Amino acid sequence: MLLRKNKFIFIFLIALSFISCDKERVFDEYKNIDGSWKKTDTISFSFEQNDTIKPYNLFLNIRNNNDYPYNNLYLIVSLKQPDNLVKTDTLEYLMANPDGTLMGEGFSDVKESKLWYQENFVFKKSGRYNISIIQAVRETGDVKGVEDLKGITDLGFRIEKTN
């Protein structure tokens, strides 16, 4: 019984050390997309930010699998400030190597890519921010865009302290 209790405490302390190691994290949230991201679907995150002095790094985290058929990913990202000012960016990210294998971290067919959104970003206003993301992938010669983007399983938004 004592051995079992000590084993539990040991496992708990190891798990706690992994959780507490991420000292840079300020905000980190994921939304499940279920393997298919429709052109009409907007993925949104909302967070409170009160520091208007220090710079932060902002990231988009993409989890995709082998069903993702493209080399690139195009996103339209809108950041709405507390005063309702909206900053919109169209972003392109490389998602696959020249041989077609997916980039990103992971041992299975699911890869996670941590993609830069803003580096050394200073929040200008204190309050609630909203970020909205839509996919804008298009096939060559197709102006309409991809209606149903396969292979994206999750989308995350992360804010980190800078060093």
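Each value in this text was obtained by applying a stated rule to the coordinates, not by laboratory testing. All values reported here derive from a predicted model rather than from experimental measurement. Counting neighbours? That spans all protein chains shown, and the Cβs are built from the backbone with ideal geometry, glycine included.
Some values worked out for this structure:
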item: Amide H partners (placed H, <5 Å) of Met103, local residues excluded; result: Ala96, Asn97
item: Near-label residues of segment 122-137 by backbone N, under 14 Å of a point 7 Å along Cα→Cβ of Thr42; result: 130-135
item: MRE, 222 nm, helices only [DSSP H, n ≥ 4, -39500 (n - 2.57), over the chain, to nearest 500]; result: -4000 deg cm²/dmol
item: For segment 99-110, 3J(HN,Hα) per residue [Karplus equation, 6.51 cos²θ - 1.76 cosθ + 1.60, θ = phi - 60°, Hz, x = Gly/Pro]; result: 7, x, 6, 5, 7, x, 9, x, 9, 9, 7, 8
item: Dimensions in Å of segment 99-142 - Rg and Dmax from alpha carbons; result: 16.4, 45
item: Net dipole in debye of the chain [+1 Lys, Arg Cβ; -1 Asp, Glu Cβ; about Cα centre; nearest 20]; result: 700
item: Point-charge dipole on Cβ atoms (K/R +1, D/E -1) for segment 22-64, about Cα centre, debye to 20; result: 180
item: DSSP-assigned coil residues among GluC sites (Glu not before Pro) in segment 107-163, each with at most 12 further Cβ atoms within 10 Å; result: Glu139, Glu147
item: Partner lysines for Lys39 [C-alpha distance under 23 Å; skip if fewer than 8 residues away on the same chain]; result: Lys31, Lys80, Lys87, Lys111, Lys114, Lys144, Lys150
item: Reported label for calculated semi-axes √(5λ) of the Cα gyration tensor in Å given (i) 33, 25, 14; (ii) 42, 17, 12; (iii) 31, 25, 13; result: (iii)
